[in-house]
Every structure is written in C-alpha cells, then in structure tokens.
Amino acid sequence: MYQFSYADVQEDDVTESKDRERQVLDRSIEMLQLAINKGASSQEATEALYYVNRVWIRLIEDLGSAENQLDDELRANLISIGIWIIKESERIRHRETDNFQGIIDITKMIRDGLQ
C-alpha cells in the first residue's frame, strides 16, 4: 500500500490546479484568437468574451479568498489585471474597442507565469 505525506498530496493538488488554470487560460486565448479572425460582432467573439469574463470572475474570487496562498501583493496585482481584462472585454462587447490582442497578450503572460 502506498503512503503519501500530506505535503506530497498538497503539492499534487497545487500542480493539478495550476495545470487546470493553464488549460483554462489556453482555451480563452484560443477563443479570443478565433474571435479576431471572425470579427468583433461574430458569435465566436461573443462566446469568447463571455468565457473570458467567467474565467476571470472565478480567478478573482479565488484570489480574494483567505485560503489563497499567494502573497498579498501578487494577489492584488492579479486581481487588478483581472478587473482590467473584464472591463476591456466589456468595452469590446459594447464596440468601444477591438482590443482582443491586448487581452490575449496579458493572458499569455499570466499563463506563462504559472509554474
């Protein structure tokens, strides 16, 4: 029978969480890139923007949680970035901008920072 230490199990959970976060961010990037190709008024753009909003709302909720183990400054910075992404996606949805690429670039940086 295998015995795992609490630290091993906890490390596996963190690794799995980061993998899921990377996958979710990858999916949002893919959807946003498709939205660029199809145009800001396309169904693909609408779906991408709603997906991005749901992702970042959930990430912000997690970052604001007392159980989140990131340091306070990093959490605050990521929350600020998330708020910007949500606002920018709303601006795209309202046809005030078409800055899909800005959201993609920031999302890639966040994704690449997950270790």
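The values are calculated or read from the model by the stated rules, or taken from the named source; none is laboratory data. These figures come from a predicted structure and were not determined experimentally. Positions of Cβ are generated from backbone atoms using ideal geometry, with glycine treated the same way; all protein chains shown enter the neighbour counts.
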(message) So, residue 43, is that one over 26 Å from residue 14 (Cβ atoms), out of contact with any Asp or Glu (no Cβ under 8 Å at 6 or more places or on another chain) and surrounded by fewer than 18 Cβ atoms within 10 Å (Cβ to Cβ) or not?
(response) yes
(request) Would you please name the residue that is surrounded by the fewest Cβ atoms within 10 Å (Cβ to Cβ), looking only at residues in the range 1-33 that are closer than 12 Å to residue 55 by Cα and modelled with pLDDT under 95? (result) 20
(message) Please count how many residues of the range 57-73 are of a type in the set (A, V, I, L, M, F, W, C) and within 17 Å of residue 15 (Cβ to Cβ).
(response) 1
(request) Search the range 46-75 for residues being among the hydrophobic types (A, V, I, L, M, F, W, C) and not in a helix (DSSP H, G or I), and hand back the single one that is surrounded by the fewest Cβ atoms within 10 Å (Cβ to Cβ). (result) 66
(request) State which residue is surrounded by the fewest Cβ atoms within 10 Å (Cβ to Cβ) when the search covers only the range 89-100 and only residues that are touching a helix residue (DSSP H, G or I) at 6+ places or on another chain (Cβ under 7 Å) and part of a helix (DSSP H, G or I). (result) 93
